[in-house]
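> Once you've had a glance at the structure underneath, I'll fire off some questions.
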Amino acid sequence: MTFPLIHSNGTGRDTLISEYNDAHDAFEAFKAAFCATTHHGRDFYPMGQDAFTKASQERQDVFKHMESIQLYLDAMRLHLYES
């Protein structure tokens, strides 16, 4: 992962920390809201027997992307706090 270098001509460390903390908080709110969405077979069965399976796989793909975002934010924040 390529991290920003804190230096005199760049964005200040405190600014970056604040921005990444805000992004982290917003992402946590998004995860909670997304996880609370209804995902039930009754909403897919009229489209055929494979529709719910396909929708479930697509949802799992979203969770994998969310995990990648979480890892990125965590690594960036750790770097900034240790800089």
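> How many percent of the alpha carbon pairs in region 1-70 exceed a separation of 21 Å?
That tail contains 50 percent of the Cα-Cα pairs.
> Same structure, new question: Ranked by accessible surface with a 1.4 Å probe, highest first, in what order do Tyr45, Tyr72 come?
Descending accessible area places them as Tyr45, Tyr72.
> Sticking with this structure for a sec: When the convex hull of the C-alpha atoms of region 12-51 is computed, what volume per residue in Å³ does it have?
Each residue corresponds to 70 Å³ of Cα convex hull volume.
> Still on this structure, please answer the following. Just to check I understand the Karplus step: with θ = phi - 60° and J = 6.51 cos²θ - 1.76 cosθ + 1.60, what whole-Hz values come out for region 10-23, glycine and proline as x?
x, 5, x, 4, 4, 5, 4, 4, 4, 5, 6, 5, 4, 5
> Quick one: putting +1 on the C-beta of Lys and Arg, -1 on the C-beta of Asp and Glu, what dipole do you get for the chain around its Cα centre, in Debye to the nearest 20?
Taking the Cα centre of the chain as origin, the dipole is about 200 debye.
> Moving on to the next point. Return one whole number: the accessible area per residue of the chain in Å², for a 1.4 Å probe.
Heavy-atom SASA per residue in the chain reads 73 Å².
> Moving on. What does the helix-only formula give at 222 nm for the chain: each DSSP H stretch with n ≥ 4 adding -39500 (n - 2.57), the total divided by the residues, and the result rounded to the nearest 500 deg cm²/dmol?
-23500 deg cm²/dmol
The values are calculated or read from the model by the stated rules, or taken from the named source; none is laboratory data. As the structure is a computational prediction, the values presented were derived from the model and not from experiment. No Cβ is skipped: glycine too gets one built from the backbone with ideal geometry, and neighbour counts run over all protein chains shown. Calculation scope for accessible area: heavy atoms of the full protein, side chains included, ligands and nucleic acids excluded. Shrake-Rupley method; radii C 1.70, N 1.55, O 1.52, S 1.80 Å.
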